[in-house]
Amino acid sequence: MPFFSAPKLTDAEALRSYARVLVRAGLTPPDSWVQEVAVAAREDAGLDDAEGEARRLVAEARAALLEEQAAWPDRTDYDALQSALARLASSGLVVLQGVDDHWSAAAALRDAAAQGRPVRGVVWFTPSDVWHAVDHGMLELNVWHPDSANVADGDPLCTEVLASLDAHGLAAHFDEGRIEVRAFWHRRAADA
């Protein structure tokens, strides 16, 4: 018997949680939040009125976000992260936020090379990385060289990314091939 067993989420809890992270991530338009939750409600939870339930859950998640964000500081971790990423982008790195997977990062590098546009590397993360930062205050960044090789601890590109994050008030460190940033994804509803 395992020492600890996580409680099993009910379908209702899982759908509510899914709507919550989609809304708070703000990576896609609001209509797609309803569509994605409706698909989960229909396929995973077997609900007859999947779209109605999805609309209700998304509205509930959005209302909770609007209420909570009133207590956030003027500058959130999300704001600091956007500033750090903009600095990296201005230094010749491609920055991809909320991309599906590593194929998107590889495609961005190939496209830049095909266009003769010099890039120094790519910084990227997925929606599930954002969802983790929504709830747990830690965002994992992938950083690759132009040849798609992962950075290593202490390599100049890794050091540059860490320095940019630090300059914007975000604690981060390299761990097992990725940069872990201590940051909650507090993106305001108006930014989504």
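The values are calculated or read from the model by the stated rules, or taken from the named source; none is laboratory data. Every value quoted in this text rests on a predicted model; they were computed, and no experiment measured them. Neighbour counts run over all protein chains shown; Cβ positions are idealised from the backbone, glycine included. Surface accessibility is based on the protein's heavy atoms, side chains included, excluding ligands, DNA and RNA. Shrake-Rupley method; radii C 1.70, N 1.55, O 1.52, S 1.80 Å.
Can you match Rg and Dmax of the Cα atoms in Å to one of these, (i) 18.5, 58; (ii) 16.0, 57; (iii) 16.2, 49, based on a calculation from the structure here?
(i)
Enumerate by residue number the GluC sites (Glu not before Pro) in segment 155-192 meeting two conditions: DSSP loop (anything except H, G, I, E, B), and at most 14 other Cβ atoms within 10 Å of the site's Cβ.
Filter output for segment 155-192: 176.
What's the longest bit of the chain with no exposed trypsin sites (Lys or Arg not before Pro), using DSSP loop states and at most 13 other Cβ atoms within 10 Å as the test?
Longest stretch, sites excluded: 76-192.
Hey, if you put +1 on the Cβ of every Lys and Arg and -1 on every Asp and Glu Cβ in the chain, which of 184, 59, 109 ends up farthest toward the positive end of that dipole?
109
To the nearest 10 square angstrom, what accessible area does residue 132 show with a 1.4 Å probe?
Accessible surface of residue 132 is approximately 70 Å².
Quick one: if you stick a label point 7 Å off each Cα along the C-beta vector at residue 43 and residue 69, how many nm between them?
According to this spin-label approximation, the distance is 2.9 nm.
Can you list residues whose amide H is under 5 Å from residue 185's amide H, if they're 5+ apart or on another chain and H is modeled 1.01 Å from N?
Long-range HN contacts for residue 185: 134, 137.
Per residue of the chain, what 222 nm ellipticity follows from adding -39500 (n - 2.57) for every DSSP H run with n ≥ 4, rounded to the nearest 500?
-16500 deg cm²/dmol, from helical runs alone.
Using unit Cβ charges (K, R positive; D, E negative) and no other charged atoms, how large, in debye to the nearest 20, is the dipole of the chain about its Cα centre?
Working: 17 positive and 31 negative charges, 95 e Å.
Charge dipole of the chain: 460 debye, to the nearest 20.
When the chain is modelled as a GNM with alpha-carbon springs shorter than 10 Å, which of 66, 27, 96 fluctuates the most?
66
If you place +1 on the Cβ of every Lys and Arg, -1 on the Cβ of every Asp and Glu, and leave all else neutral, what size is the dipole of segment 12-70 about its Cα centre, to the nearest 20 Debye?
Computed charge dipole of segment 12-70: roughly 220 debye.
Quick check: net charge around residue 103, other residues with Cβ under 14 Å of its Cβ, Lys/Arg +1 and Asp/Glu -1?
-2
Report, by chain and number, residues whose modeled amide H sits under 5 Å from the one on residue 95, excluding near sequence neighbours (fewer than 5 apart, same chain).
Close amide H contacts, sequence-distant or interchain: 123.
Taking θ as phi - 60°, what are the ³J(HN,Hα) couplings along segment 28-44 by the Karplus curve (6.51, -1.76, 1.60), each to the nearest whole Hz, with x for Gly and Pro?
So the J values, rounded to whole Hz, are 10, x, x, 4, 6, 4, 4, 4, 5, 5, 4, 4, 5, 5, 6, 7, 8.
Sum up the charges of everything whose Cβ sits under 10 Å from the Cβ of residue 179, counting Lys and Arg as +1 and Asp and Glu as -1, but leave residue 179 out.
So the surrounding residues net to -3.
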